[in-house]
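Only one structure is covered here, and it is reproduced in the block below.
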Amino acid sequence: MIPVNETGEYLANVAEFTYETAIRDRNDEPLTDEEYEKLEHFYEQAGEMKHDLRTVQAQALSNDIRWSDVEDDLINEREPAEGTMVHSLKTIDNKAKGFSENNWNDDSQFEKDVNKRLVKTLKGKQEVSEEDAKDRARAFLGLPENTDANVEPLGEGVPYEGYQITIEDPDGERNYMIDMTKKGGLPLWMMQSRTITEPKISLNEASEIAKEFLEDNGIENVQLVDGKQYDTMGVFEFVPLADDVRLYPDGLLLEVALDDGDVIGFKGSNYFANHRERHDLSPDLTLEEALDEIHPNVQSREEHLAVIENQSGEEVLVYEIYGTMNNDTYRVYINANNGFEEDVKRMQAAEPVYDVDVM
């Protein structure tokens, strides 16, 4: 609802630069003074943006701000007051634009690969009417067939046609919004807007509810790979399995309210854009050979075969190794065919609580 294209472009450019400098042989091509200075700038800028985003998050949680309120402001073209969600996010986006102008030439471009893949996936699929889209949305949410629903064309900015469907729950206490493709009627994104009260169910119970929701909607053979609690909400990442190999490019995100177990958020665009049958999921290296490639001080705790998308946008088969070192936990991705270290991620630790300051 709030364009943050400049932020996306900035992050994509930082990722590309850091990846290119990380994979080259720095014995033959050490970092230049200019490159080192750039990395220092990126570190400072990213830290500043992270603080700003956490402050916005704190504002939203403390003031019980709903996305439906934000949407209402945008639809009615109200001038965003200082300190509001709209104003804060636009401020961050403008800041990212300034970072980009200082760091790169104006001809840098950022392409949303998921949307491009969706276009290919949708090719040849039958179009669904507005009425059919309403029926599909109600079925997706498990709502009665007579539940009122409104349909509008999906906004500009995406390379495919679609619908934005708004549904008011019969009890009048909650609203749903769903983005659906016109071809194929695929539910890409869903959000329920309501006040969530004190948690009454555990994070584990919520994860089972999320998995059951996927299965009820025909998305089966998935595995939970991450689950976190944010205040009164559980956020879960699932990935499909193929021959026990995790397919990370096809991942799904779900949010579950911990007061009554409602699924209040769903993001399935990666799944619908990427999910297909994969061939050649047999590694050339053994697990023992892959473990030899990681730092000797990293103690392996858990290993899986997985497909990930590397920084060049190519799918690669890897050993996903969860390891610990110096009280930190890491996910290390070792190419299962050539032993190359594709990626390392430090698992998220607890973060400081941010005060609600007007940006």
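Some notes on this structure:
- Picking from residues in the stretch 152-202 that are outside any loop (DSSP other than H, G, I, E, B) and farther than 29 Å from Thr121 by Cα, the one that is modelled with the highest pLDDT is Asn175.
- Within the stretch 202-222, the residues that satisfy the criterion of being in contact with a helix residue (DSSP H, G or I) (Cβ under 8 Å, 6 or more places away or on another chain) and surrounded by 15 or more Cβ atoms within 10 Å (Cβ to Cβ) are Asn217, Ile219, Val222.
- Check on Ser62, hydroxyl-bearing (Ser, Thr, Tyr), loosely packed, with under 14 Cβ neighbours inside 10 Å and modelled with pLDDT under 80: yes
- Checked against the criterion of being at pLDDT 75 or above, part of a helix (DSSP H, G or I) and closer than 29 Å to Gly265 by Cβ, the stretch 79-86 contains one or more residues that satisfy it.
- Restricting attention to the stretch 223-245 and to residues that are among the β-branched types (Val, Ile, Thr) and farther than 18 Å from Glu302 by Cβ, the residue that is surrounded by the fewest Cβ atoms within 10 Å (Cβ to Cβ) turns out to be Thr232.
The values are calculated or read from the model by the stated rules, or taken from the named source; none is laboratory data. Just so it is clear, the model here is predicted, and its values are computed rather than measured. No Cβ is skipped: glycine too gets one built from the backbone with ideal geometry, and neighbour counts run over all protein chains shown.
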